[in-house]
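The values are calculated or read from the model by the stated rules, or taken from the named source; none is laboratory data. Quick caveat, the model's predicted, so the values are computed rather than measured. Counting neighbours? That spans all protein chains shown, and the Cβs are built from the backbone with ideal geometry, glycine included.
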Amino acid sequence: MELHPDIKEVILSEEKIRKRVRELAEQISEDYKGKTPVLVSVLKGSVIFLSDLLRFMKINPKIDFIGVSSYQGKTQTTGEVRLVMDLKDPIYGEDVIIVEDIVDTGLTLEYLRENLLTRKPSSLRICVLLDKIEARKVDVPIDYRGFVIPNKFVVGYGLDYDERYRNIPYIGVLKEEVYKR
Ligand code: IMP
């Protein structure tokens, strides 16, 4: 497949992602057999991951969405996490799985975990596609992890830079010149 002109390097190909997402979906289906977990997708980056994960699942989960903001459109975190859109339904007594695209400092997931736990779900787990372990500032328990990746800013498969590149089907690193535009 032709490389997007703004991409310098592909970190994870479509095939690699598909295979791993399928494995994660099978694992979750096994662990939640007979249950109806609620997959809480963190907007907007995780929607592609969520939809692929869902299609490979052998159980029938419910889905809901939550929106947080920490990055202000650039590549650096401000360290401050805000809830910008809440779940539609209560999660009291539910088996909840947070579905997130990437964990970097861990601040977003820590905030979400604390926030959702106050609503007393029956259980709460975290599923992330990408983990930049080296960048971690706060420890957050990751129950399902797709890939550990280097501490580089990545785009594609739902992940953006300034709201762009979400549609690229693989995970890649942008050329330096893109940041100077
Ligand atoms: P954390 O709070 O630092 O763990 O960052 C998590 C959030 O930052 C994710 O939900 C992403 O929206 C964003 N983020 C972190 N690293 C990247 C990246 O490499 N590309 C795109 N977004 C990222």
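Applying a threshold of 6 Å to beta carbon distances and a minimum spacing of six or more residues, or different chains, the list of pairs starting in the range 1-26 at a residue that is basic (Lys, Arg) and ending at one that is assigned to a loop (DSSP other than H, G, I, E, B) and surrounded by 14 or more Cβ atoms within 10 Å (Cβ to Cβ) reads 8/175. Considered as a group, the residues in the range 92-121 that are out of contact with any strand residue (DSSP E or B) (no Cβ under 6 Å at 6 or more places or on another chain) and part of a loop (DSSP other than H, G, I, E, B) include one that is nearest to the ligand (Cβ to nearest atom), and that residue is 104.
Annotation: of all residues in the range 144-169 being of a type in the set (A, V, I, L, M), assigned to a strand (DSSP E or B) and within 10 Å of the ligand (Cβ to nearest atom), the one that is nearest to the chain's Cα centre (by Cα) is 159.
Scanning the range 122-138 for residues that are within 16 Å of the chain's Cα centre (by Cα) and part of a helix (DSSP H, G or I) turns up 133, 135. When the range 72-84 is limited to residues that are closer than 19 Å to residue 126 by Cβ and either out of contact with any helix residue (DSSP H, G or I) (no Cβ under 8 Å at 6 or more places or on another chain) or of a type in the set (Val, Ile, Thr) (or both), the one that is modelled with the lowest pLDDT turns out to be 77. Within the range 159-181, the set of residues being free of Cβ contacts under 8 Å to residues at least 24 places away in the same chain and within 20 Å of residue 99 (Cβ to Cβ) comprises just one member, 167. Residue 141 meets the conditions (1) part of a loop (DSSP other than H, G, I, E, B); (2) within 12 Å of the ligand (Cβ to nearest atom) in every case but one. The failed one is (2). What residue, among those in the range 1-55 that are of a type in the set (Ser, Thr, Tyr) and part of a loop (DSSP other than H, G, I, E, B), is surrounded by the fewest Cβ atoms within 10 Å (Cβ to Cβ)? Of everything passing the filter in the range 1-55, 36 is surrounded by the fewest Cβ atoms within 10 Å (Cβ to Cβ).
The set of residues from the range 118-137 being surrounded by 12 or more Cβ atoms within 10 Å (Cβ to Cβ) and more than 17 Å from residue 96 (Cβ to Cβ) comprises 129, 130, 131, 132, 133, 135, 136, 137.
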